[in-house]
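A short worksheet on the structure shown next.
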Amino acid sequence: MGFILAGLLVLLVLLYLALGMKVVRQGYQYTIERFGKFTAVAQPGLTFIVPLFDQIGRKVNMMEQVLDIPGQEIITKDNAMVAVDGVVFFQVLDAAKAAYEVSDLYLAIMQLTTTNLRTVMGSMDLDELLSKRDEINGRLLAVIDNATEAWGVKVTRVELKDIRPPADIVNAMTRQMKAEREKRATILESEAARQNEINRAEGLKQAQILEAEGRREAAFRDAEARERSAEAEAQATKVVSDAISGGSVQAINYFIAQKYVEAIGLFATSPNAKTILFPVEATQLMGTLGGISELAKEAFRDGPAPTPPAPTRPRGPFEGGGTQ
C-alpha cells in the first residue's frame, strides 16, 4: 500500500508540474491571470504558473503586423468623391496594455485609421490628394500613433495604396494633362524659334561687323596706297622740277608726254569708246616723243645735249594763214 500511495503522490506531483508548465513561442508574450486578475507577462520560452490558481489570459503578438484598411468613399474639399484604401504597419510594445486597455486592438486601429483618413483627406482638394501622398501619410501616422500610444502600440507606417477618382474626373484630368502638354510643346517650339532668330541675328550682326572691319581695312589700305602714290608723284615732280631748274628743258617735255600717253591709254581702254577723235595732230605727238628721245640721249651723255630744232608741222585747213 505504501508503494501505491507513493506512486500516486509522484504521479500527482508530475501532473501538477505539467499543468503549471507553459511554453511561450518566440514573437509572442502571454499574460498571466490569477483568479481573472492580471499578474504578470510571460516572456518567450518555458514559464511556470500555479495550476488551479493561475491561467494564461491573452496571447499577444509582439511582431510588426500589417492591417489592411478597406476602401472608403471620401468627399474632398472641392466636393469630389474618391475611393481610398491603405495599409497600417504597427507593433505592440506593451502586451499588458494591448490586452487590457482596448477591447479589440485590430478593430480599434482600423476604425481610428478610417476616421482620421476621412478627416485628413476631406480637408484637401483633389489635386492635393493626388500630388501630396507623402504629406497625407505623415499626417495620418502622427495622429494614429499618438492615439494608439495609450494601448501600448507603436504605429510605424501608414501608406495609401490607391486613390480612385470618378471616371468623369479622370477623363477631365486626362484632357487637362493633354492640353498642358500641348501648351508646353507650343511654348518650347516658340522658344526654339525665338532662339533660332536670335542666333540668326547674332550671325548677321557678326557678319556685318566683319564686313565693316574689312571695309575699314580696305579703306585704310587704299588710303595708304594713295598716300604712297602721291609721295611717288611728288618725288617724280620734284625730280622733274630739279631737272628744269638745272637747265634741262627736255624734262618738262618728258613729263608732259608721259601724261599725254596715259590719257590716250585711258581713251583706248574705255568700254564705251567705239571711235577716238584726237584733239591734236599726230605730228604733235611725234614731236613730243622726239623730245623724250632727246632727253634719253642726254641722260646717257656726259654733257648736256644741244637743243634740237622744234619740229615743223603742217598747218591745218582751219588754222590761220590760209590753205596749203
_Given the options 73, 101, name the one that is open to solvent by 70 Å² or more (accessible area, probe 1.4 Å), closer than 30 Å to residue 142 by Cα and free of Cβ contacts under 8 Å to residues at least 12 places away in the same chain._
73
*Does residue 168 satisfy the criteria of being open to solvent by 60 Å² or more (accessible area, probe 1.4 Å), under 16 Å from residue 81 (Cβ atoms), part of a helix (DSSP H, G or I) and at pLDDT below 90?*
yes
*asked:* Please verify whether residue 25 is basic (Lys, Arg), within 26 Å of residue 101 (Cβ to Cβ) and surrounded by fewer than 16 Cβ atoms within 10 Å (Cβ to Cβ), treating the condition exactly as stated.
replied: yes
*Identity of the residue in the stretch 133-149, open to solvent by less than 70 Å² (accessible area, probe 1.4 Å) and either out of contact with any helix residue (DSSP H, G or I) (no Cβ under 7 Å at 6 or more places or on another chain) or not in a helix (DSSP H, G or I) (or both), that ends up nearest to residue 85 (Cα to Cα)*: 137
*asked:* Residues that are at negative phi, within 60 Å of the chain's Cα centre (by Cα) and not acidic (Asp, Glu): does the stretch 1-23 have at least one?
replied: no
_For the stretch 58-73: of the residues being at pLDDT 90 or above and part of a strand (DSSP E or B), which is farthest from residue 22 (Cα to Cα)?_
68
*Return a yes/no flag: does the stretch 173-184 have any residue that is outside any helix (DSSP H, G or I) and more than 30 Å from residue 31 (Cα to Cα).*
no
*Residues that are under 20 Å from residue 105 (Cβ atoms) and assigned to a loop (DSSP other than H, G, I, E, B), drawn from the stretch 44-57*: 44
*Taking the stated definitions as given, is residue 127 closer than 15 Å to residue 86 by Cβ, loosely packed, with under 14 Cβ neighbours inside 10 Å and among the acidic types (Asp, Glu)?*
no
_Suppose the filter is open to solvent by 100 Å² or more (accessible area, probe 1.4 Å), over 60 Å from the mean Cα position of the chain (by Cα) and of a type outside the set (A, V, I, L, M, F, W, C); does residue 30 pass it?_
no
*On the given criteria, is residue 111 of a type in the set (S, T, N, Q), open to solvent by 80 Å² or more (accessible area, probe 1.4 Å) and either outside any strand (DSSP E or B) or modelled with pLDDT of 90 or more (or both)?*
yes
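The values are calculated or read from the model by the stated rules, or taken from the named source; none is laboratory data. What you see is a predicted model, and the numbers here were worked out from it, not measured in a lab. Because the Cβ atoms are built from the backbone with ideal geometry, glycine has one as well, and the counts that use them run over all protein chains shown. To get the accessible areas, we keep the full protein, side chains included, count just its heavy atoms, and leave off ligands, DNA and RNA. Shrake-Rupley method; radii C 1.70, N 1.55, O 1.52, S 1.80 Å.
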